[in-house]
1. Can you tell me which of Phe58, Phe52, Phe11 is in contact (Cβ under 8 Å) with a residue 40 or more places away in the chain, over 21 Å from the mean Cα position of the chain (by Cα), surrounded by 17 or more Cβ atoms within 10 Å (Cβ to Cβ) and not assigned by TED's automatic domain parsing to the domain that holds Gln294?
2. Report every pair of residues separated by at least 6 positions or lying on different chains whose Cβ atoms are under 7 Å apart, first residue within segment 470-497 and at pLDDT below 90, second polar (S, T, N, Q).
3. Do any helices (runs of 4 or more DSSP H) entirely within segment 342-408 hold 2 or more residues that are polar (S, T, N, Q) and at pLDDT below 95, and if so, which?
4. Within the set of pairs 6+ apart or on separate chains, which have a first residue in segment 515-526 that is of a type outside the set (Asp, Glu), a second that is crowded, with 16+ Cβ neighbours inside 10 Å and assigned to a helix (DSSP H, G or I), and C-beta atoms under 7 Å apart?
5. Restricting attention to segment 17-42, which residues are on the phi < 0 side of the Ramachandran plot, surrounded by fewer than 21 Cβ atoms within 10 Å (Cβ to Cβ), out of contact with any Ser or Thr (no Cβ under 9 Å at 6 or more places or on another chain) and among the charged types (D, E, K, R)?
6. Does any residue of segment 453-470 turn out to be among the polar types (S, T, N, Q), in a helix (DSSP H, G or I) and crowded, with 16+ Cβ neighbours inside 10 Å?
7. Filter segment 420-451 down to the residues that are in contact (Cβ under 8 Å) with a residue 60 or more places away in the chain and part of a strand (DSSP E or B) and list them by number.
8. In segment 210-228, is there at least one residue being under 30 Å from Lys23 (Cα atoms) and either at pLDDT below 80 or assigned to a helix (DSSP H, G or I) (or both)?
Amino acid sequence: MYIEQVKIKGFKKFKDFTIEFKKSINVLIGENEAGKSTILEAIDIALNQKIFNTTNNFEKYFTNDLVNQYKHSPSIETLPQIEIELFFSDENTLNYEYFNGLHSSSSPISKSGIKFSYRFDENYRELLESMYDDSHDGNFIPTEYYIAEWTTFAGRKYINNKSPIKNVLIDNSIRRNNLFDSYSKRIFNNNLKMSDKQNLSYQFRKNIQNFVDENTTQLTINEYNFGIDENKTILENLLDLKSDGVSIQNKGKGKENLIKTEIALEVESDLILLEEPENHLSYVSTRKLIKDIQNMCDGAQLIITTHNPLIVSRLDLRNTIWINEKTYHSLSTIPQETSDYFMKTDNMQLLNFILAQKVILVEGNSEFILLPQLTKNSLTYTLDEKNIEILSGGGITYKHYIELSKVIKNSLLVITDNDGEQETIESIHELNKKYSNIQIKCSDLVSEFTFEVCLFNKNAPTLKNISDIKPGTIAEYRKVPMDKDIAYMLKNKTEAALRISEEEFYKEAIVLPEFIQEGIKWLVQQ
């Protein structure tokens, strides 16, 4: 059994949110505060009865919109509430009658799952009505009169030891005081059979009692006898995970996170929730972690939050779920070829591309170095002011980015070379007719086969004699005769770009070729 769908209402930033998951790997990405961690937390609350099983004040968990609505018009009817529903697959009929029924938002369709609600307890309606009649102004929410309830979709009371899904949550983004205790306990409970746990607990308490019996004399003072506090002899509460004889608490943070994640993958869990598994890990360790995930999570459902493009690409881009503006977008429809390309290339700019609303994709270092400054020179505004991200691709790989843009619906400007081919120019014009959110720009002149030639032709008076820094520059490129200054820029692309971007003589004077200016103007208007 696995989680097919989660519905969240009124919890933190999600006023009304629904997300669907795959049976195997699910990678959640998004900007900071997008709600990725909130989704894992919601699953943990519903499945494991976390947080709301105490009597603390939980006002901070309500969605701000609902809180403001209540404060504007305080009444019992406007009191905010939280509802979380976990919808299970129906592949496993274990405890089917206990979890399957009509008590969900999908009614009248029968579904299997768990429903958590945190709401006003109607038993206090009369009392609260009198409070509103007196002088209650709505500046605070009376959570003292709230009730937290966990029920199955069959309308039965849910207790987490009847959970149909063995699960473990690993949060590598923060460190809590009881992190290791709770983690060790969870691993212990998930990995051992009930009979083994009972036997270990019995043997543990028996040995403690033998110790007391064998040392009665030393443990007696006057009329008092020392005994062992039974609340402190619970085996799970004393467990500590060790690697090579050393507690993971005493290892480096990166090693600690790697060990925790590896152990989580090793246990026989149906569901593994991983919060930022890459935290504190080097590039090499992250690749090892990804390989472990690929090799060891077979059969388990995995839900990961991450900011690491390596994890996104290596775990198959089609398993990615983009959380954006209180909704989500699955990238499962991306073509296999595109997914394979990003998986093989360890593309470190992939997340930037997905999360940016407007992107310029260029072919090489020269364009990447020069575009920010030359945009300011040419169009009076900067790329940053227009929230435009510039990324460097290469050659025909922009076709894979186009396939990605077709799915995520961002605005993409591709600046590419025509490579001296009229056929390339014509094919680009045809491609531009197909998409409203994508434009590909190159020079329409076959002679302007690459960016440096286009740039020189647009700024010839200023760039004349740029080759003087290297006396003896041969006036040819790839055995083709040409102006020596163009030849210098082609043979020393990065050097020339850095000089143009840094030296006062060029920095404020050079402007972009017309076709690039047109492309940026189009992108700004999107």
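The values are calculated or read from the model by the stated rules, or taken from the named source; none is laboratory data. The shown structure was predicted, so the numbers you read here are calculated from the model rather than taken from an experiment. Here the Cβ positions follow ideal geometry from the backbone for every residue, glycine too, while neighbour counts run over all protein chains shown.
1. Values: Phe58 fails: surrounded by 17 or more Cβ atoms within 10 Å (Cβ to Cβ); Phe11 fails: over 21 Å from the mean Cα position of the chain (by Cα).
Going through Phe58, Phe52, Phe11 in turn, just one is in contact (Cβ under 8 Å) with a residue 40 or more places away in the chain, over 21 Å from the mean Cα position of the chain (by Cα), surrounded by 17 or more Cβ atoms within 10 Å (Cβ to Cβ) and not assigned by TED's automatic domain parsing to the domain that holds Gln294: Phe52.
2. Short answer, once both residue conditions are applied: Thr473/Ser467.
3. Values: elements: 350-355, 365-379, 398-408.
Qualifying helices (runs of 4 or more DSSP H): 365-379.
4. Partner pairs satisfying both residue conditions: Gln517/Ser378; Gln517/Leu379; Ile520/Thr375; Ile520/Leu379.
5. Listed by number, the list holds a single entry, Glu31.
6. Initial filter on segment 453-470 (among the polar types (S, T, N, Q)): 457, 459, 462, 465, 467.
Going one step further and asking which of them are in a helix (DSSP H, G or I), we end up with 457, 462, 467.
Next, only the ones that are crowded, with 16+ Cβ neighbours inside 10 Å stay: 457, 467.
For segment 453-470, residues among the polar types (S, T, N, Q), in a helix (DSSP H, G or I) and crowded, with 16+ Cβ neighbours inside 10 Å: present.
7. Gln439, Lys441
8. Taking segment 210-228 first, the residues under 30 Å from Lys23 (Cα atoms) are none.
For segment 210-228, residues under 30 Å from Lys23 (Cα atoms) and either at pLDDT below 80 or assigned to a helix (DSSP H, G or I) (or both): absent.
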